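S.K.: Got a structure for you, written out below as structure tokens; questions coming shortly.
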Amino acid sequence: MSTLTGLHAVVTGGGSGIGEAIAAALLREGARVTVMGRSEARLLQARERLAGRASTGSARPFDKLRANGGGAGANGGAAGANGGESVRAEPVEALPAIHVCAVDVTDSASVEQAFDFAGPVDLLINNAGQVESQPFSRTTLDQWNRLLQVNLTGTFLCTQQVLPGMTERGFGRIVNIASTAALKGYAYVAAYCAAKHGVLGLTRALALEVARKGVTVNAICPGYTDTDIVARAVEQIASKTQRSAEAARDALAAANPQGRLVQPDEVAQAVLWLCRRESASITGQAIAVAGGEVM
């Protein structure tokens with residue numbers, strides 16, 4: 001039997017990159033996975049890629065259930081391309097393991113609706129996040145609020161939806177995908193660093209609050225990881241500094257003592273370890289996956 005068989009996991013920001021790698025790892029271990037994200041189109045693409053990763057069944061088409069209402073997308077479509085609909089994919093019998101749901105993690109009504117769709121959750125992976133680079137002197141209040149809302153408030157809202165059920169059942173795993181920016185400072189991303197430090201503070205406080213209730217709360221802190229976010233950062237660095245994209249990428253990789261970018265599956269494997277029942281004594285921890293950048 002796979003180690004996570006019978007458990008239901010939710011992965012926010014799961015449409016690509018680290019989130020998709022985490023969803024794939026959970027599926028391989030037998031979990032049923034609900035992948036949440038802002039873009040319906042990206043979620044549906046991810047679902048097709050993930051379909052072959054489930055522990056049982058084959059990749060066949062899904063029937064899709066739509067629910068109209070005032071939840072996802074209420075803030076002008078941020079929840080997905082469907083402009084106000086929350087979407088969950090109802091799988092056919094051959095592949096019972098994957099669902100997708102569009103959600104705006106900064107909107108409490110959207111989050112509540114999404115988790116109502118998802119049902120009871122055993123494993124919550126708060127991966128949704130956003131980064132913007134700007135000198136502090138040019139950081140606007142809107143930018144500051146946006147980054148705190150996506151990275152910190154989103155984690156708060158999603159965790160509030162699942163924690164009562166976890167404590168009632170006496171089991172739960174919450175893994176917050178923070179960043180090495182939760183452990184140190186980086187120039188030109190003050191708002192992002194502040195938000196990720198907040199995620200780590202929330203992780204540690206909540207771990208103590210539920211320590212006797214069968215629930216663990218931990219943070220994974222990746223360094224520069226080979227994802228679309230880093231690819232966009234490379235483009236921005238190259239544009240601003242007139243360096244080649246290769247030189248810009250090498251500069252980010254140089255922050256890692258191993259001289260490379262972290263791979264999404266390396267982060268996923270750390271998450272998988274924290275989700276197992278055998279990790280019950282590990283809580284309140286910030287685990288860097290960064291090749292020794294932070295010790």
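The values are calculated or read from the model by the stated rules, or taken from the named source; none is laboratory data. Small disclaimer: the values here were computed from a predicted structure and weren't measured. We place every Cβ from the backbone using ideal geometry, glycine too, and count neighbours over all the protein chains shown.
S.K.: Any idea which of (1) within 26 Å of residue 148 (Cβ to Cβ); (2) outside any helix (DSSP H, G or I); (3) among the hydrophobic types (A, V, I, L, M, F, W, C) is the one residue 206 doesn't satisfy?
M.R.: For residue 206, the failing item is (2).
S.K.: If you go through the stretch 172-203 one residue at a time, how many are in contact (Cβ under 8 Å) with a residue 60 or more places away in the chain and either in a strand (DSSP E or B) or more than 17 Å from the chain's Cα centre (by Cα) (or both)?
M.R.: Residues that pass the stated criteria total 5.
S.K.: Can you find a residue that is on the phi > 0 side of the Ramachandran plot, in contact (Cβ under 8 Å) with a residue 12 or more places away in the chain and buried (at least 16 other Cβ atoms within 10 Å of the Cβ) anywhere in the stretch 278-288?
M.R.: yes
S.K.: Considering only residues that are among the small types (Gly, Ala, Ser) and either surrounded by fewer than 17 Cβ atoms within 10 Å (Cβ to Cβ) or assigned to a helix (DSSP H, G or I) (or both), which ones fall in the stretch 209-232?
M.R.: Selection gives 211, 214, 231.
S.K.: Which pairs do you get when a residue that is in contact (Cβ under 8 Å) with a residue 60 or more places away in the chain and under 23 Å from residue 228 (Cα atoms), found in the stretch 132-147, comes within reach of a residue that is surrounded by 15 or more Cβ atoms within 10 Å (Cβ to Cβ) and among the β-branched types (Val, Ile, Thr), reach meaning Cβ atoms under 9 angstrom, with the pair 6+ apart or on two chains?
M.R.: Close Cβ pairs (under 9 Å, with a partner that is surrounded by 15 or more Cβ atoms within 10 Å (Cβ to Cβ) and among the β-branched types (Val, Ile, Thr)) amount to 132/139; 132/189; 133/189; 133/237.
S.K.: Hey, can you tell me all the residues within the stretch 139-162 that are touching a strand residue (DSSP E or B) at 6+ places or on another chain (Cβ under 7 Å) and either surrounded by fewer than 22 Cβ atoms within 10 Å (Cβ to Cβ) or β-branched (Val, Ile, Thr) (or both)?
M.R.: The answer is 155, 159, 162.
S.K.: Quick check on my filter: what residues within the stretch 170-226 are of a type in the set (S, T, N, Q) and closer than 23 Å to residue 140 by Cα? Spell out how you get there, then give the answer.
M.R.: Initially, the stretch 170-226 is screened for residues of a type in the set (S, T, N, Q), giving 176, 179-180, 203, 216, 218, 225.
Correct list: 179 only.
S.K.: Examine the stretch 132-151 for a residue that is modelled with pLDDT of 95 or more, under 29 Å from residue 278 (Cα atoms), in a helix (DSSP H, G or I) and of a type in the set (S, T, N, Q), and state whether such a residue exists.
M.R.: Yes, the conditions are met somewhere in the stretch 132-151.
S.K.: Going by the structure shown, is residue 192 closer than 17 Å to residue 290 by Cα and of a type in the set (Phe, Trp, Tyr)?
M.R.: Working: closer than 17 Å to residue 290 by Cα: no; of a type in the set (Phe, Trp, Tyr): yes.
It is false that residue 192 is closer than 17 Å to residue 290 by Cα and of a type in the set (Phe, Trp, Tyr).
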